[in-house]
Amino acid sequence: MSTAIHSSAVLQAKLWYAQRISAMVLGLCVAIHLFIMFYAIRGGLTAGEILGRTQGNWLFAIFYEVFVLACLVHAPIGLANILRENFPRSSGLIVLPWALAALILVLGTAAVIGVFTGGVGR
Amino acid sequence: MSSRPTLDHRAKSHLSYFIYMAHRVSGLLLACFLPIHFFLLSQSLFGADELDHYLKLTDFWAVKVGEWGLVTLLTIHLVGGVRLLMIEFGTWRGLRKGWIQVAIIVSIISGLLFLALAG
Amino acid sequence: MGLIIVKNYFISIKNLFDLTFTIPRYNSTMSETNLKVKVWRGAEQGEFVEYLVPRNSNQTVLDVVTYIQRKLDPTLSYRFACRVGMCGSCAMTVNGVARWTCRTHVAKIVEGDALEIAPLNNLPVIKDLATDMREFFNKWKGAVGFFKGEQTRHDDFAIVKPDSEERQLANAGIECIGCAVCYASCDVVASRSNYLGPAALNRAWTLTNDVRDTQQLDRLRAVAGDAGCHTCHTHGSCTERCPKQLEPTAGISGLKKLVARAAVRGTKWGKL
């Protein structure tokens, strides 16, 4: 078997594995997140309420950053699978999962830092 | 003269296919939503007032409907995903039809719970 | 006699310039219970042609196809062999779903009085209801779906405990007779022409659980990659439709784990 096919096979296997492991992490995170959300939205949601819970809270920060990193692995691989299946001849579309990964990492971490610090000003 | 028939809805009319499609569509829509969700929350970087300014957008009923949709989609994707993990990593016990029913019921409950709590 | 009149009726519709419509569809010599059977005629290009077939109790779809070929249109091409649900040769697409026609009672799947019979999906059509099965069996080979051991007739028998975990896993999948119903039902086969497919992967899985086989690393390499087990997206039509109630989804899940482990950590047979 040529090395080119070989390394693609190893890559496919590792991507599958990474997506399933991150899925296990997300299973836990999403379940917890749903509970937190149902608790938090009672009677409406304000910034003050959110920040009151998250500001300076290391547990929340670590939990949500883990959540962001799990999404970072899970979502782009899922998107890549869908694209590969439905647009097999458009290899250029690979830019979309990378873009999604960048957005999740940057915006997600920004969100975690934001709610942890409660604002760093403009 | 026409082309031979291909797999159509009749081939796909079974429960396992339905939950596969629901899991895939929900994942896709959630992936599209996630950057927006993170962007909104990241406005907290600029202080509580800035975040509140964006949170006010969620008062529009159209946004509330969207949020209800997202909660439902998230639950479908969660339970459908756990079902897949059971299939791929658990002891083999068939296509886990029970989990499909749970996915449908729990996601409906989840959506209703959101509507009840969000007023 | 009544059926010849019906055949002429259809021919006269086709001749648009012939305005003589002879006899209405049903006359007193035909029973009310006729099946309207649309059958694919042609190859990749073609059309559905409708035949009227007398309806009986205890009638299978194979009975219907055989009736058409023997009594109505001898040019119809189709395959069957055992007609008792053992060989899998009679597999066709009936009302959109891949089935063994000899084991499909008309009463169970008829829509009103209509049937639609087409060749198996995902395989090239030779003619009418007969498909070219070569790619199906080539993929079986491609997945190293065949046994190779290292012992000879001069060695002792291999000892394989029937209740060992591996043997039980293998036994769960070895009854496959290569009918291609699963292959014809798979979305991924439809969208990706080189995907090995559920039957080939199922066979590979049974052989990875055969302790006597000596090609395991080659087999894992064969079922890895874009055309291999990880491309399965678990929509489950294969397991849903298998006429022998086999579960390719189980075997493919097993392969996914095995190949992932081989890629990341390595197995007892080596690393991918």
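The values are calculated or read from the model by the stated rules, or taken from the named source; none is laboratory data. Quick caveat, the model's predicted, so the values are computed rather than measured. Glycine gets a Cβ as well: all are built from the backbone with ideal geometry, and neighbour counts include every protein chain shown.
Of the residues making up the range C:124-160, those that are among the hydrophobic types (A, V, I, L, M, F, W, C) and surrounded by fewer than 18 Cβ atoms within 10 Å (Cβ to Cβ) number 8. For the range C:203-225, the candidate set comprises residues that are of a type outside the set (A, V, I, L, M) and over 13 Å from residue C:145 (Cα atoms); within that set, the residue that is nearest to the other protein chains (Cβ to nearest Cβ) is C:225. Whether any residue in the range B:56-66 is at the interface with chain A (Cβ under 9 Å from one of its Cβ atoms) and either in contact with a strand residue (DSSP E or B) (Cβ under 6 Å, 6 or more places away or on another chain) or touching a residue at least 12 places away in the same chain (Cβ under 8 Å) (or both) is what I want to check. No, the range B:56-66 contains no residue that is at the interface with chain A (Cβ under 9 Å from one of its Cβ atoms) and either in contact with a strand residue (DSSP E or B) (Cβ under 6 Å, 6 or more places away or on another chain) or touching a residue at least 12 places away in the same chain (Cβ under 8 Å) (or both).
I need the helices (runs of 4 or more DSSP H) fully contained in the range C:102-205, keeping only those with at least 3 residues that are on the phi < 0 side of the Ramachandran plot and free of Cβ contacts under 8 Å to residues at least 40 places away in the same chain. Because the criterion is at least 3 residues that are on the phi < 0 side of the Ramachandran plot and free of Cβ contacts under 8 Å to residues at least 40 places away in the same chain, the helices (runs of 4 or more DSSP H) in the range C:102-205 that meet it are C:134-142, C:165-171. Note on the range C:48-69: residues that are in a helix (DSSP H, G or I) and either under 13 Å from residue C:106 (Cα atoms) or not assigned by TED's automatic domain parsing to the domain that holds residue C:101 (or both) amount to 5.
For every residue, the table says whether it meets (1) among the acidic types (Asp, Glu); (2) facing chain B (nearest Cβ under 10 Å); (3) within 30 Å of residue A:12 (Cβ to Cβ).
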residue	(1), (2), (3)
A:55	no, yes, no
A:66	no, no, yes
A:70	no, no, yes
A:104	no, yes, yes
A:107	no, yes, yes
A:119	no, yes, no
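Applying the criterion of being of a type in the set (Val, Ile, Thr) and not in a strand (DSSP E or B) to the residues of the range C:70-100, the residue that is farthest from the other protein chains (Cβ to nearest Cβ) is C:84. The range B:1-117 holds helices (runs of 4 or more DSSP H) entirely within its bounds, and those carrying 1 or more residues that are buried (at least 19 other Cβ atoms within 10 Å of the Cβ) and modelled with pLDDT of 90 or more map to B:15-42, B:61-89. Filter the range C:248-260 down to residues that are more than 7 Å from chain B (Cβ to nearest Cβ) and in contact (Cβ under 8 Å) with a residue 40 or more places away in the chain and give me whichever is farthest from residue C:271 (Cα to Cα). Here the residue is C:248. Only one of the listed residues (C:228, C:197, C:236) is crowded, with 24+ Cβ neighbours inside 10 Å, under 24 Å from residue C:269 (Cβ atoms) and within 12 Å of another protein chain (Cβ to nearest Cβ). That residue is C:228.
Among the helices (runs of 4 or more DSSP H) confined to the range A:1-107, the ones with at least 1 residues that are of a type in the set (Val, Ile, Thr), at pLDDT 95 or above and surrounded by 15 or more Cβ atoms within 10 Å (Cβ to Cβ) are located at A:3-40, A:58-86. Being crowded, with 19+ Cβ neighbours inside 10 Å and within 9 Å of another protein chain (Cβ to nearest Cβ) is a property that residue A:113 lacks.
When the range B:7-36 is filtered for residues that are more than 8 Å from every other protein chain (Cβ to nearest Cβ) and either among the β-branched types (Val, Ile, Thr) or more than 15 Å from residue C:235 (Cβ to Cβ) (or both), the ones remaining, listed by number, are B:19, B:25, B:29, B:32, B:33, B:36. All told, residue C:99 meets the bar of being in the same structural domain as residue C:35 (by TED's automatic domain parsing), basic (Lys, Arg) and crowded, with 22+ Cβ neighbours inside 10 Å. Please work out which residue is nearest to the other protein chains (Cβ to nearest Cβ), limiting yourself to the range B:67-95 and to residues that are of a type in the set (S, T, N, Q) and within 18 Å of residue A:36 (Cβ to Cβ). Step by step, filter the range B:67-95, then rank; the result is B:75.
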